[in-house]
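What follows is a short report on a single structure.
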Amino acid sequence: MGSTSRTLEITVLSCEDLRIDRRLVKKNTYVMVRTDPLNYRTTKMDTEGGAYPSWNQKLTIDMPLHERFITLRDAKGERNGIVNVSVKVKVPEYYLSSNNNKKVVPENNSFSMTSKPVPAIPIGSGKNFGIVIGIPVLGVNQV
């Protein structure tokens, strides 16, 4: 029986231009990563960064296999500012061989990994402004 989820390692780096009711946030910001109502992780509170907080904190959470994107939203479910994160799918420990600790992936499984930060990118210009909010974590043909 196969696994029903993949473990993600999400490094929450920073945010830019965070607002509440169109006013810049002054202090006490944190990030919650949630894959369902009962499965979530939070960063420590940033007390001094205001609307431009930073954490550089790793959170590890399981994500169901049927999910293909991470969506960046605020508590109200709206787009808010720019969130900079790094996302990596963790390879289970039993895939590590004893030969120089190299990762061994069985033929029938594939993994998509990145260690580079994946920023949310502002798009549009003038008054028509939006933010890219989807980060693919697994390719279409991957299990």
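The values are calculated or read from the model by the stated rules, or taken from the named source; none is laboratory data. Not measured: the values here are computed from a predicted model. Positions of Cβ are generated from backbone atoms using ideal geometry, with glycine treated the same way; all protein chains shown enter the neighbour counts.
Could you tell me whether the range 60-80 includes any residue that is closer than 19 Å to L18 by Cβ and touching an Asp or Glu at 6+ places or on another chain (Cβ under 6 Å)? Yes, the range 60-80 contains at least one residue that is closer than 19 Å to L18 by Cβ and touching an Asp or Glu at 6+ places or on another chain (Cβ under 6 Å). If you take the residues in the range 25-38 that are of a type outside the set (D, E, K, R), under 13 Å from Y52 (Cα atoms) and out of contact with any Leu (no Cβ under 7 Å at 6 or more places or on another chain), which one is surrounded by the fewest Cβ atoms within 10 Å (Cβ to Cβ)? Restricting to residues being of a type outside the set (D, E, K, R), under 13 Å from Y52 (Cα atoms) and out of contact with any Leu (no Cβ under 7 Å at 6 or more places or on another chain), the top hit is N28.
In the range 53-89, how many residues are of a type in the set (D, E, K, R) and free of Cβ contacts under 8 Å to residues at least 60 places away in the same chain?
Residues of the range 53-89 of a type in the set (D, E, K, R): 58, 62, 67-68, 73-74, 76, 78-79, 88.
Filter once more, keeping what is free of Cβ contacts under 8 Å to residues at least 60 places away in the same chain: 58, 62, 74, 76, 78-79.
The total comes to 6.
Quick check, is S86 hydroxyl-bearing (S, T, Y), modelled with pLDDT under 85 and not in a loop (DSSP other than H, G, I, E, B)? Before the answer, list the steps.
Values: hydroxyl-bearing (S, T, Y): yes; modelled with pLDDT under 85: yes; not in a loop (DSSP other than H, G, I, E, B): yes.
Judged against the criteria, S86 is a match.
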